[in-house]
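Visitor: One structure is given below, represented as structure tokens, and several questions about it will come after.
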Amino acid sequence: MRVIYDTRTDTLTIILRDGMVSESDEERPGLILDYDAQGNVVSLEILDASQRVEAPNEVTYQLAGIG
């Protein structure tokens, strides 16, 4: 998984898996989901991220359920 914040376009992209995008749908205004040919979500994009996400240039990774 990769997280990319593009300050120039103010877009936050979360890539869940590598693969070719076959279809993109704007599920809600400013939220785009990208799907592969099998219908799996490949990535999601948040437009105008600085207005929608608390700190788009910071990432906290937390692993739950260990131990």
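What follows is calculated from the coordinates using simple rules that are stated; it is not laboratory data. Fair warning: this is a prediction, and the values are worked out from it, not measured in the lab. Neighbour counts are summed over all protein chains in view; Cβ atoms, including those assigned to glycine, are modelled from backbone coordinates with ideal geometry.
Visitor: Applying the selection to segment 16-52, what residues are among the basic types (K, R) and more than 13 Å from the chain's Cα centre (by Cα)?
Guide: Across segment 16-52, the qualifying residue is only R28.
Visitor: Now a separate question. Based on what the data block shows, is D36 touching a Leu at 6+ places or on another chain (Cβ under 6 Å) and among the charged types (D, E, K, R)?
Guide: It is false that D36 is touching a Leu at 6+ places or on another chain (Cβ under 6 Å) and among the charged types (D, E, K, R).
Visitor: Okay, moving on. Test L63 against the criterion of being of a type outside the set (K, R) and surrounded by 11 or more Cβ atoms within 10 Å (Cβ to Cβ), and give yes or no.
Guide: So L63 does not fit the description; no.
Visitor: Give me a count of the residues in segment 4-17 that are loosely packed, with under 12 Cβ neighbours inside 10 Å and touching a residue at least 12 places away in the same chain (Cβ under 8 Å).
Guide: The total comes to 2.
Visitor: Inside segment 24-55, can you point out the residues that are of a type in the set (A, V, I, L, M), touching a Gly at 6+ places or on another chain (Cβ under 7 Å) and either exposed (fewer than 11 other Cβ atoms within 10 Å of the Cβ) or within 18 Å of M1 (Cα to Cα) (or both)?
Guide: V42, I46
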